[in-house]
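Asks: Take a look at this one; I'll ask things after.
Here, each number is a calculation from the coordinates, and none is a lab measurement. This one's a predicted model, so the numbers in the text were calculated from it and none came from an experiment. Cβ coordinates were reconstructed from backbone atoms using ideal geometry, including for glycine residues, and neighbour counts include every protein chain displayed.
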Amino acid sequence: MSRIFHTFCVALLLASTVKAQDAVSFRADIAPILINNCLACHGPKKAEGGYRVDTFERFLREGDSELAAITAGNHDESESLRRIKSEDEFERMPLEGQPLSAQETALIENWITQGAKYDAEDPQAALATIVPAPTHPAPPETYPRSVPITAVTFSPDGSQVVTGGYHEVVLWNTADGAMIKRIQNVGQRTFALRFSNDGQHLVAAGGAPGRLGEARIFSAATGDLVSVLGTTSDVVLDAQFNLTGDHLAVAGADSSIRIYEFPAGNLVRTISSHSDWIMAIAWDNEGKRLASASRDKTAKLFDVETGELLVTYSGHNNPVKGVAFHPDNNHIYSAGGDNKVHWWNSADGKKAGELAQGGEVYKLEKIGGVITTSSADKTIRQIDAATQKEIRNYAGHADWTLSSAFHEATKRIAGGAFDGAVKIWNAEDGAEVLTFVAAPGVK
Amino acid sequence: MQLCKLRTTCVLMITGMLLSGFSGNKLLAADAQLDRIEVYPAELQLAGVREQAQLIVTGHYVDGSIQDLTRVATITTANAEIVTVQGMVAYPQADGQGTLNVEFEDKTATVKVVVTNQQQPQPVSFLYDTLAALSKNSCNAGACHGSPSGKGGFRLSLRAFDPKLDELTLIREDFGRRTNSLDPDNSLLLLKPLMKVAHGGGRQIRVDDPAYAVIRDWIEEGCKMDAADVARPVKIEVYPKSGRVLKKPAVQQQLSVWAHYSDGSLRDVTPLAVYSSSDVEVADVDRNGLVKGLKRGEVAVVVRYLEFIESSFITFIEDVENFVWNDAKVNNYIDVAVDGKLKQLKYLPSALCTDEEFIRRVYLDVIGILPSLEEVTAFAANQDPAKRDKIVDTLLERPEYSKFWALKWGDLLRLTSGQVTNEGVYKYYRWVERSFRDNQPYDEFATELLTATGSTFSNPAANFYRTSKDMNDCVETISQVFLGARLQCAKCHNHPFERWTQDNYYGMAAFFNRVQRANTKRTNEMFIYVSQSGEVTQPRTQQQMKPWVPGQGDIENPNEFDRRLDFASWLTQPDNPFFAKIEVNRIWSQVFGRGIVEPADDFRDTNPPSNAVLLDQLAKDFVENGYDRKKILATILKSRTYQTSYQPNNFNEDDTKYFSHYQPRLLSAEQLLDAICHVTQVAETFSGLPAGTKATHLPAPDLVNNEFLKIFGQPERQTVCACERTNESNLSMAIQFFNGPLIYNKLKSETNSFRKSITDGKDNTQIITLLYNLAVCRNPSETELKASLDHIASKENRVEALEDICWAILNTNEFLFQH
């Protein structure tokens, strides 16, 4: 099985065959080598030998040895290269690991000879954020087993239900569960799926645990990749359009929120305030504030314009996993590990009420005036966002429900479960209309 | 990067040192004559595609010695299509029968192999393979993800004691991000310990580790939980069993570990077991179960597979040049047992101590104080060859004996006025003291304590349940004092290194949870009684626990009025494996400064006795003589072993645990204070206590506030741990002897020993002789006397010169140490 798949990096490296005279790109050629071979020991978590390679600037800076790490144009006075090429296995980098290939070593050597130039914008940017978007491996033709359904949404017209797969996004017929289309070149796992307001773009946010996070923008019509935003070194867990659809916020395991103009894709602002993963984000009704839910047991509220932290809500005392604005724009819903939905005042963070759920809440979505929650009690709950009344609950899944979606026009609710099953219900009467396993080839 | 280089250089140097030392395994001398070779297991069944078997080849020599030939013998398969061998491990290939041929020198042996079930899948067991693999790589160790809050957002149960939690964490938490069953090698659970993704714990696994394959295959199979009817391990067996003796240079031994399953099957779990050495100076054991001796001595190699723990004791011996046994005197069975060990390890016992050393030593050990000038003189003059035995018997009948030993038990029973009130502590102390004075059998003493009820005033033993404030305190106190087991860990999880499980903890608790404590109308009195109901619930499993004791298991029909009776009755059975051993070891450690098991209250597989035969025989003697504490103490004191000199010889200098010579130790705080008073003849006054009360007779430390005692390690008695009384030296101690007020005032006292002697008209020689006899039980040597007299002559003020001399004597090691 493993031979079919390669991590994006391996694919990337194989693709780049280099001759001595070819111009070597730092972001395309060097940064991926550093990420895959050096960063684990020489990064922010573990700066062995006082040396880090997590940004271009640090890569050039000497470590405890006080020997020049990289000397532009002179690979003989570049300690990092010397250690990579060393014949002495107690000295050679990576220590105790596979030595770099001759090709990789040649790339670094040539890049130094060519002047050790930086071809991205910010020399202090994390390497993960500057490497060109990788081409992801193809999904398996048929799955040996299902995967947890961590993201589900409806197409704008409601005729299709879209789920995150393994290295793909799959579109299914809402009426009969037939597979319609597979969008490839997607990260390993997808945690949020959003259509743009005009329905032309589909955002798939996710990545590979511990290695990559990104939000990929696809053409909804063709499934072609349009752009990649918010690249980080661990998974992106949520992406949300503001109400007018001209901005996209992306957040995840790197604890930051990045706001982009859409579809232009230029980064407007980065907000870093949480101390742990951000599990979910929500825009207010005017596009002025962003709320966030984090594993650091708080929900926070920020001013979009300034990035300023407005309010911190700590009432859950547990990881917070979902967040949404009240239609009145003055209250915020949040939910998580305490098995409850809370709502609280956005002006002062005072709790205004709570609603018990049957288990840990994994996601909370708001579409129109309807909130849906998915939780460990295998149930999707539909809550009136204005009155906090539970309108209906949708049981029947055999495993934790991890994701949910509501389609207003067709009155359909979808729920995805850990065991790979997707169920669709009629929100008018609660009747289950369809169940299928959202994994190609698995019944 | 320079740092990295330095570190690797150090590693190289250390490795080099190890190789050049005892550990470099060589075969026995070429002239050793091989009698036969033996292979373990002698027959092999490999019933599944994942099975394998570590083979162990042992050479038996004509002279009776043995050595591990596992790495040098040749093993070949006669049927490669059925079974293959790689690195002394057999692997199945196809159903059928085969033979392995083993050869070394001119000897051969064969192993019959039956291979079955090669046509059917053998799924990885979550409980017995995957969790064991995580334990093997220390993922769930206390310092890593096994800590209560985990590490880096990833929490495992400590040593996999809670598989339900681990299942959740590994497979489902955070949307199942840790495992990737569509591409198992790209699972975070493997990428992190490989350091392909930054991992705070660094590199912990290699792709070719057996544990890697287990975890990887388990993920590939879809992270399945075990079927309900899967066979579970019931015990493990380690080969070779305890008792193997390896002689330098053949000091390597490969171990193999076999798990027995509930369906009767056997599996080799050598690659998944975890190994540790009880004494890393004596032998090292690597992650593959290869033991390497480093110097002569004994170790318990402790083997852990999931919650199962077994040890194999291995003795390492070597020839010592010019070693000839000196036929040391044998006084009783103790010396026979000690000599057995010394002969084997080639240590020579030291000569007997002098009479002066003996009288000082035995006084301090039995009654805690120094002998008077008259006693020293009389003993020196006594020509009776049995005088040492006789003085032991005499001392055991002295009133100070019971007071001094009540001080020792006062530590264990936490006698403080803070815990049992001022009034209570005197009563409790007198109860303990009387038990020693009357020589109450130890089983009765323990039973009286453990089953005590009523008023703490009229039945002081009931204070036991006053100091043990609740159920948890009872379990922890009783297990440490009477079972020599530190059970605190098992309150929240299975003990990480020992057999004790969380179930055991709460099973023991079910004896004591019904004890009730009520204040009475009388101030400071408490009433202890037992209620007739109340059960213990194990907090993790929510199971109601039956009273449980080690070895016997659940007590099915406990006494309906007082379950403690069942516990006390089990504890004091003659064949109880803990009770007698712990007490004789404690008594031994009191007079040797070191237990046969050390620390004396820490009995566990990972801490074996330094002389198991000795401990067994002492315990047997103790039981057979009706738990007579005076008698066992007398037997110990009368042994030659107790009476050896503290001075080592050329053949025992580096022995610290086999009792070849006496180990000097600092006097305890109370002994030291009494000894200073004895030399200066100026008594210490303790406010609130009768004049003349000795420090060694204080009922509780918090009745007085004596800075000197605190500095020298008087325990506060907050725990039952013997370790609370420390005799580690520190700077404050030195300062006390340099210019502390206590010694200064006694030296300046107008009525002290030397001033009184001056008044009595004694000359300088007489006074110096007196001081030496009081302090170190002997006359000064000529040099010492001359130096002292010269010092007095050089000073204008005679009495100040004598102060100097007395102060100097108090500062000698000979005075400060028991030797």
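Asks: Report the trypsin sites (Lys or Arg not before Pro) located in segment B:276-324 that are in a DSSP loop and have at most 12 other Cβ atoms inside 10 Å of their Cβ, or state none.
Replies: Taking segment B:276-324 and a limit of 12 other Cβ atoms within 10 Å, no loop trypsin sites (Lys or Arg not before Pro) are found.
Asks: OK, next. Given the C-alpha atoms of segment B:40-145, compute the convex hull and give its volume per residue in Å³.
Replies: Considering the Cα atoms of segment B:40-145, their hull volume per residue is 130 Å³.
Asks: From a point 7 Å beyond the Cα of residue B:393 in the direction of its Cβ, which residues of segment B:319-353 have a backbone N at a distance under 18 Å?
Replies: B:331-333
Asks: Expressed as a whole number of Å, what is the distance separating the alpha-carbon centroids of segment B:629-697 and segment A:142-158?
Replies: 78
Asks: At 20 °C and 1.002 mPa s, grab the translational diffusion coefficient of chain A from Stokes-Einstein with a Kirkwood Rh over Cα pairs, rounded to a whole number in µm² per second.
Replies: Taking Rh from Cα pairs, D becomes 93 µm²/s.
Asks: Now for a separate question. Taking every pair of Cα atoms in segment B:587-636, average 1/r, invert it to obtain the Kirkwood radius, and report Rg/Rh to two decimals.
Replies: 0.97
Asks: Have a look at A:247, A:25, A:387 and report the one farthest towards the positive end of the charge dipole of the protein assembly as shown, computed about the Cα centre with Cβ charges (Lys/Arg +1, Asp/Glu -1).
Replies: A:387
Asks: Of all beta bridges DSSP finds with both residues in the protein assembly as shown, what is the antiparallel percent, to the nearest 5? Let's see the in-between values first.
Replies: Values: 180 of 189 bridges.
That works out to approximately 95 percent antiparallel.
Asks: What is the dipole size for chain A, taken about its Cα centre, with +1 at each Lys and Arg Cβ and -1 at each Asp and Glu Cβ, in debye to the nearest 20? Display every interim value, and only then the final one.
Replies: On the way: 41 positive and 55 negative charges, 231 e Å.
With Lys and Arg at +1 and Asp and Glu at -1, about 1100 debye.
Asks: Shifting gears a bit: What are the trypsin sites (Lys or Arg not before Pro) within segment B:133-207 that DSSP puts in a loop, where the Cβ has at most 13 other Cβ atoms within 10 Å?
Replies: Working: sites: B:136, B:151, B:155, B:159, B:164, B:172, B:177, B:178, B:196, B:203, B:206; in loops: B:155, B:177, B:178, B:196, B:203, B:206.
Answer by residue number: B:206.
Asks: Turning to a different aspect of this structure: Which whole number gives the average, over all residues in A:166-175, of C-beta atoms from other chains lying within 10 Å of the residue C-beta?
Replies: Partner Cβ neighbours, averaged per residue: 1.
Asks: A further question on this structure: Normalised radius of gyration for segment B:666-818, please: alpha carbon Rg relative to 2.2 N^0.38 Å, two decimal places.
Replies: Dividing the Cα Rg of segment B:666-818 by 2.2 N^0.38 Å gives 1.11.
Asks: If I model segment B:426-585 as equal point scatterers sitting on the Cα atoms and use the Debye formula, what is log10 I(q)/I(0) at q = 0.19 Å⁻¹?
Replies: Here the Debye-derived log intensity ratios amount to -1.28.
Asks: Which whole-Hz ³J(HN,Hα) couplings does segment B:482-490 yield from phi under the Karplus relation 6.51 cos²θ - 1.76 cosθ + 1.60, θ = phi - 60°, glycine and proline marked x?
Replies: Listing the rounded values in order: 9, 10, x, 10, 9, 9, 3, 4, 6 Hz.
Asks: Could I ask something else about it? Using the alpha-carbon centroid of each, what span in Å lies between segment A:413-438 and segment B:30-89?
Replies: Value for the Cα centre distance between the two parts: 60 Å.
Asks: Within 10 Å of each Cβ in B:194-206, how many Cβ atoms from other chains are there, averaged over the peptide?
Replies: For peptide B:194-206, the averaged partner shielding equals 4.
Asks: In µm²/s, what is D for segment A:8-130 at 37 °C and 0.692 mPa s, where D = kT/(6 pi eta Rh) by Stokes-Einstein and Rh is the Kirkwood radius from Cα pairs? Spell out each step's value before the answer.
Replies: Details: Rh = 14.4 Å.
Approximately 228 µm²/s, per Stokes-Einstein.
Asks: Moving on. Using the Karplus curve 6.51 cos²θ - 1.76 cosθ + 1.60 with θ = phi - 60°, what ³J(HN,Hα) values do you get for each residue of segment B:712-723, in whole Hz, with x for Gly and Pro?
Replies: Values, residue by residue: 8, x, 4, x, 7, 6, 8, 10, 8, 6, 4, 6 Hz.
Asks: Could you state the angle between the C-alpha long axis of helix B:612-624 and the longest principal axis of the C-alpha atoms of chain B, as a value from 0 to 90 degrees rounded to the nearest 10?
Replies: In chain B, helix B:612-624 runs at an angle near 60 degrees to the longest axis.
Asks: Using amide H atoms built in the peptide plane, which far-off residues or other-chain residues are under 5 Å from residue B:351 H to H?
Replies: B:645
Asks: Further question: Apply the Karplus curve 6.51 cos²θ - 1.76 cosθ + 1.60, θ = phi - 60°, to the phi angles in segment B:400-413 and return the couplings in whole Hz, x for Gly and Pro.
Replies: 5, 4, 5, 5, 5, 6, 5, 5, 5, 6, x, 4, 5, 8
Asks: Evaluate the Debye formula for segment A:331-381 with equal point scatterers sitting on the alpha carbons, no solvent, and hand back log10 of I(q)/I(0) at q = 0.14, 0.23, 0.27 Å⁻¹, in q order, two decimals.
Replies: For segment A:331-381 at q = 0.14, 0.23, 0.27 Å⁻¹, log10 I(q)/I(0) is -0.33, -0.82, -1.01.
Asks: Right, here's the next one. Taking chain B as the reference, fit the longest principal axis to its C-alpha atoms, fit the long axis of helix B:629-638 to the helix C-alpha atoms, and give the angle between the two in degrees, 0 to 90, nearest 10.
Replies: Tilt of helix B:629-638: around 80 degrees.
Asks: Of A:35, A:271, B:735, B:758, how do they rank once you tally other Cβ atoms within 10 Å and put the fewest first?
Replies: Lowest to highest Cβ neighbour count: B:735, B:758, A:35, A:271.
Asks: Please get the size of the charge dipole for the protein assembly as shown, origin at its Cα centre, with Cβ charges of +1 on Lys and Arg and -1 on Asp and Glu, quoted in debye to the nearest 20. Working shown, then result.
Replies: Working: 130 positive and 160 negative charges, 313 e Å.
The calculated dipole for the protein assembly as shown is roughly 1500 debye.
Asks: Follow-up question, since we're still on this one. So what are the radius of gyration and Dmax for the Cα set of segment B:126-220, in Å?
Replies: In Å, with Rg to one decimal and Dmax whole: 11.8, 31.
Asks: Now for a different question. Using alpha carbons only, how many degrees (0 to 90, rounded to 10) separate the axis of helix B:764-776 from the longest principal axis of chain B?
Replies: 30
Asks: To make sure I understand, if each residue's beta carbon is the centre and we count other beta carbons within 10 Å, what order do B:800, A:354 fall in, fewest to most?
Replies: Ranked by crowding around the Cβ, least crowded first: B:800, A:354.
Asks: Dividing the convex hull volume of the Cα atoms of the protein assembly as shown by its residue count, what figure in Å³ per residue is obtained?
Replies: Spread over its residues, the Cα hull of the protein assembly as shown gives 246 Å³ apiece.
Asks: As a test of the formula, what do you get for the protein assembly as shown when each DSSP H run with n ≥ 4 contributes -39,500 (n - 2.57) and the sum is divided by the residue count, at 222 nm and rounded to the nearest 500 deg cm²/dmol?
Replies: Helix-only estimate at 222 nm: -7500 deg cm²/dmol.
Asks: I want the local charge near residue B:353. Using Cβ-Cβ distances under 11 Å, sum +1 for each Lys or Arg and -1 for each Asp or Glu among the other residues.
Replies: Charge balance in the 11 Å sphere: +1.
Asks: Let me check I've understood the local charge: for residue B:441, count other residues with C-beta under 13 angstrom from its C-beta, Lys and Arg +1, Asp and Glu -1. What total comes out?
Replies: -4
Asks: May I ask for the percentage of alpha-carbon pairs in chain B that lie more than 39 Å from each other? Don't jump to the answer; show the numbers that get you there.
Replies: Details: 172022 of 334971 pairs.
Tail of P(r) above 39 Å: 51 percent of Cα pairs.
Asks: Right, another one. Loop only per DSSP, at most 15 neighbouring Cβ atoms within 10 Å: give me the trypsin sites (Lys or Arg not before Pro) in segment B:749-798, ordered by residue number.
Replies: Values: sites: B:755, B:756, B:762, B:778, B:786, B:795, B:798; in loops: B:762, B:778, B:795.
Listed in order of number, the matching sites are B:762, B:795.
Asks: Now, a different point. Find out how many positive minus negative residues lie around residue A:132, taking Lys and Arg as positive, Asp and Glu as negative, among other residues whose Cβ is under 14 Å from that of residue A:132.
Replies: -2
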